[in-house]
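Everything on this sheet refers to the single structure shown next.
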Amino acid sequence: MDFIFKPITMEYVKEIDSWNYEGFIEEVLMTPYFNSFEKSGTLIGPGGCDGFVAFIDNEAAGLFEFNIKGSTMEIGLALKPDLVGKGLGVKFVNQGIEFGIEHYNRKLNNIKLVVDSENKAAICVYEKVGFKRVEQTDNEIEMNMDLQKRYSL
């Protein structure tokens, strides 16, 4: 099963904003998209990122966000709540990363993300994909993937 990535639209900003997760997981932060659309008519995500919807069978299955800073690609992501725990995490993360690398077509050395330290399932997925823990605060873990190591294996 492959994910198809398309630029986010207001229709999907609203849909993703309605996703509800059980437990500690915070809601997906969609406010920046609404604010940027109200101010400029464009959809800009948290920290100025570009948002893409991941589709399976023409249905929104996830959100992938990208922010390029020099040779580092920062990502944010969310899988639709009813797909969490179904074994799709590694494929979703890998395909999102590959999409981002191809879409931006730039020399990238690292990929960075931040995850809630209580989100053990996501941390496990990120480590399986090749992310390493860089720094931890009380409630967040910064993780990094060295792309030279990823593609030299």
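The values are calculated or read from the model by the stated rules, or taken from the named source; none is laboratory data. Since the model is a prediction, treat every value here as computed from it, not as a measurement. Here Cβ is always computed from backbone atoms with ideal geometry, including for glycine, and neighbour counts include all displayed protein chains.
Answer with yes or no whether Glu98 is under 17 Å from Phe55 (Cβ atoms) and either surrounded by fewer than 17 Cβ atoms within 10 Å (Cβ to Cβ) or of a type in the set (A, V, I, L, M, F, W, C) (or both). Considered against the rule, which asks whether it is under 17 Å from Phe55 (Cβ atoms) and either surrounded by fewer than 17 Cβ atoms within 10 Å (Cβ to Cβ) or of a type in the set (A, V, I, L, M, F, W, C) (or both), Glu98 comes out as yes.
Answer yes or no: is there a residue in region 83-91 that is touching a residue at least 40 places away in the same chain (Cβ under 8 Å) and either surrounded by fewer than 12 Cβ atoms within 10 Å (Cβ to Cβ) or not basic (Lys, Arg) (or both). Within region 83-91, one or more residues are touching a residue at least 40 places away in the same chain (Cβ under 8 Å) and either surrounded by fewer than 12 Cβ atoms within 10 Å (Cβ to Cβ) or not basic (Lys, Arg) (or both).
Filtered by the rule that a residue be closer than 20 Å to Phe5 by Cα and either touching a residue at least 24 places away in the same chain (Cβ under 8 Å) or of a type in the set (Val, Ile, Thr) (or both), region 30-46 gives Tyr33, Thr42, Leu43, Ile44, Gly45, Pro46. When residues of region 1-57 are filtered for being β-branched (Val, Ile, Thr), assigned to a loop (DSSP other than H, G, I, E, B) and within 20 Å of Ile68 (Cβ to Cβ), how many remain? Going through region 1-57 one residue at a time, the tally reaches 3.
Put simply, of Leu63, Leu113, Leu108, Leu43 the only residue that is touching a helix residue (DSSP H, G or I) at 6+ places or on another chain (Cβ under 8 Å) and more than 27 Å from Leu147 (Cα to Cα) is Leu43. Might you let me know whether region 129-138 holds any residue that is basic (Lys, Arg) and over 23 Å from Ala60 (Cβ atoms)? Yes, there is a match, as at least one residue in region 129-138 is basic (Lys, Arg) and over 23 Å from Ala60 (Cβ atoms). Taking the listed residues Asn105, Asn110, the one that is more than 23 Å from Asp17 (Cα to Cα), surrounded by 12 or more Cβ atoms within 10 Å (Cβ to Cβ) and not hydrophobic (A, V, I, L, M, F, W, C) is Asn110, with no other qualifying.
Those helices (runs of 4 or more DSSP H) of region 65-153 in which 1 or more residues are under 20 Å from Lys6 (Cβ atoms), of a type outside the set (Gly, Ala, Ser) and modelled with pLDDT of 95 or more occupy 89-104.
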